[in-house]
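Comments concern the structure below.
Every read-out reported here was derived from the displayed coordinates using simple, explicitly stated rules and does not represent laboratory data. All values derive from a computational prediction rather than experimental measurement. When we count neighbours, we look across all protein chains shown, and the Cβ atoms used for this are built from the backbone with ideal geometry, even at glycine.
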């Protein structure tokens, strides 16, 4: 059956997404780059400078995938419209043998290439915390320290100095204060407190109970009153969270405003549960 908001079945979208870990597992650069649209982009981690287009995505592969062994431990997938949200842990073993265990939420936005063409990834958003990964690396003993020493020249070789700076942008963002704001919103929803919920939101914030449609504040409060969240990950201007709502599991996406007139408020809250 086609998914809500999509002409394609959930199975077709999930199959398209699954080509990514399959190609990563066998280090097939051509196959991995080929699953993206020609103007596709990789945001990994979210908050760093995006890698846009086939050449840039190929350089991303050379930098972060080719030297490592990467395993995807998927806990849950949700399909909404032409997007797939994946809740998982990524296990990355670097060239020195040190393994990083990275809690992550992945969002894949897909597009059809022509009327009867294959599904391709238009945008990949990897929500994970760069600062915590660096912390894991630096506290992993000699092999971790050696891996960090190797990573620097590797970044410069494939990404250049500007690419290195773009990657390090992933260290900034809403971080702990963003997580607290999300927790405050969930607490206000549990109380059905419209004033407290509205205080967390920017004017004209986008709210969605299914990741596709839009809801009013009143509709959102009614539908999300029993929302529970854990595994909060802050990346760039976003916080994602593993979400439980009315017996269903998924991911919540909380985006923060860049508007100076409403600093620290949420400009979008989308729940992908099912």
Give me the percent of Cα-Cα pairs in segment 1-112 that sit more than 24 Å apart, rounded to a whole number. 24 percent
Under a point spin-label approximation (7 Å from Cα along Cα-to-Cβ), what is the residue 176-residue 138 distance to one decimal in nm? 1.6 nm
Spin-label point model (7 Å from Cα, Cβ direction): what's the residue 109 to residue 66 distance in nm? 2.9 nm
I'd like the orientation of helix 175-191 relative to the chain: the angle between its Cα long axis and the longest Cα principal axis, in ° from 0 to 90, rounded to 10. 30 degrees
How much length is gained on full extension from residue 169 to residue 11, taking 0.36 nm per residue of separation minus their Cα-Cα distance? 53.4 nm
Unit-weight point scatterers at every alpha-carbon of segment 178-274, Debye formula, q = 0.18, 0.25 1/Å: log10 I(q)/I(0) is -0.73, -1.54
Computed over the chain: longest principal axis from alpha-carbon atoms vs helix 10-25 long axis, angle to nearest 10 degrees, is 30 degrees
Which ordering of 214, 129, 112 is given by a fewest-first count of other beta-carbon atoms within 10 Å? 214, 112, 129
Note on segment 175-273: contact order normalised by length, alpha-carbon pairs under 8 Å, 6 or more apart, percent, works out to 30 percent
Given 10 Å bins starting at zero, what is the percent of C-alpha pairs of the chain in each, up to the one with the largest pair distance? 7, 28, 34, 22, 8, 0
Taking Cα atoms, the helix 141-168 axis meets the longest principal axis of the chain at an angle in degrees (rounded to 10) of 80 degrees
In Å, the Kirkwood hydrodynamic radius of segment 138-212 over pairs of distinct alpha carbons? 16.4 Å
